[in-house]
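Engineer: First the structure, then my questions, so here it is.
No value in this document is a laboratory result; all are computed from the given coordinates. Here the structure is a predicted model, which is why all the values come from computation and not from measurement. Cβ placement follows ideal geometry from the backbone for every residue including glycine, while neighbour counts extend to all protein chains displayed.
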Amino acid sequence: MFAAKTRTGEIDLPIPLALYFQAMGIPRQSPDAGQADDAALAAIEADALRMVRRAGHTLMRSFGAPLEVQYKDQRENDPVTNLDREVQADIVRAISESYPGHGIVGEEDEEDVDGAAPDYVWVLDPLDGTKNFINGLPVFASSIGVLHRGVPVAGAVYAPWPGSADGLVFHGRKGGGAYANGERAGVFDGVEPKGNRLMTLPESFPRAFRFDARMKGSAGELRVSGSTVYELAMTARGVLQYSFHGAPHLWDIAAGAVLVTEAGGAVMVADRRQSRVPFAPHRLQWSELRSFFPRWGDEITLAHMRRWRSPILCGSPQIAAHVASSMKSRRR
């Protein structure tokens, strides 16, 4: 047994696994100073679940129908549809009515908001996998994550699923476990990655990163879904043994980070540190994610939160530590 619940409801590592992280050279972030009230989190989780179910129903009613498509870049690689904006607007209205003092960061926000971020911030991705959606591939997700002083504390994710008219709906909160359609979710229980089990890497992985010899023949069966949120949810359910994401935005992983952690997994974040050897590749310094903004304070604004990006690795604590210690950066 490698994960335990503490009296505060926070998942912690027992001594053997903590030593394993230490042996791999992987430090852990300090826990957050202010704890969110569990009763408040339970209500937030229930509301996020209700909102994401509604978002999922809206998406599925429009799946396969004509959409208005625009692009955020000149190369037309980053599409946004009228449905993305409509779903986000509906979620924003629901949050504003129930939690008027909370902040909101959404992928489809049209402008940054100045001023210090409130303690609670809802992080939204109304439709992750827009390219899949507009091309008729039912691999996408809608995501609602909630942070308390930068710490991921609650989340809900909708994903379409064969045989279920209501899709597959994930939800969880800090200390309360993770669930998929009412059943307890758990990450793949492994110590090292297996060559015949599924995992995900971004298409850009070979250009930016590499594995050392320890991963030869055992990295796993590669899949690329086109939706970070979808992959994190599948990692929380144990469909994927691990998933790596090169530079996701906050809205891509806020909800998924809660699900993976509460499903017994580890979410690891990397900083690129300059090698001491001139012109050598950067090394990746990994730590277990406890907070997206460990130094929470007045300097953290919603605009600041929108700019968050970093490599993320998810899986069982043992597999995540093994993969992290085997990964190198190619960029100089």
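Engineer: Rank by packing, highest mean first: peptides 238-246, 127-135, with packing defined as the count of other Cβ atoms within 10 Å averaged across residues.
Structural biologist: 238-246, 127-135
Engineer: Still on this structure: At what distance in angstrom do the alpha carbon centres of the stretch 52-80 and the stretch 313-332 lie from each other?
Structural biologist: Computed from Cα coordinates, the inter-centre distance equals 32 Å.
Engineer: Another one. If you take the charge dipole of the stretch 38-184 about its Cα centre, with +1 on Lys and Arg Cβ and -1 on Asp and Glu Cβ, which of His57, Asn181, Val92 is farthest toward its positive end?
Structural biologist: Asn181
Engineer: For Asn181 and Asp90 in one chain, what is 0.36 nm times their gap in residues minus the Cα-Cα distance, to one decimal in nm?
Structural biologist: 30.5 nm
Engineer: Right, another one. Hey, what's the Cα Rg ratio for the stretch 38-184 versus the globular rule of thumb, 2.2 N^0.38 Å?
Structural biologist: My calculation over the Cα atoms of the stretch 38-184 gives 1.05.
Engineer: So which lysines pass the test for Lys131, namely a Cα distance under 29 Å, with those fewer than 8 places away in the same chain ruled out?
Structural biologist: Partners within reach: Lys72.
Engineer: Further question on the same structure: Given a Förster distance of 22 angstrom, what is the FRET efficiency for Trp161 paired with Val224, based on the Cβ-Cβ distance and rounded to 0.05?
Structural biologist: E between Trp161 and Val224, to the nearest 0.05, is 0.70.
Engineer: Okay, moving on. Give the peptides 86-95, 248-257 in descending order of average Cβ contacts within 10 Å, highest first.
Structural biologist: By packing density, highest mean first, the sequence is 248-257, 86-95.
Engineer: Only Cα pairs under 8 Å and at least 6 apart count here; give the relative contact order of the stretch 38-184 as a rounded whole percent.
Structural biologist: Result for the stretch 38-184 is 24 percent.
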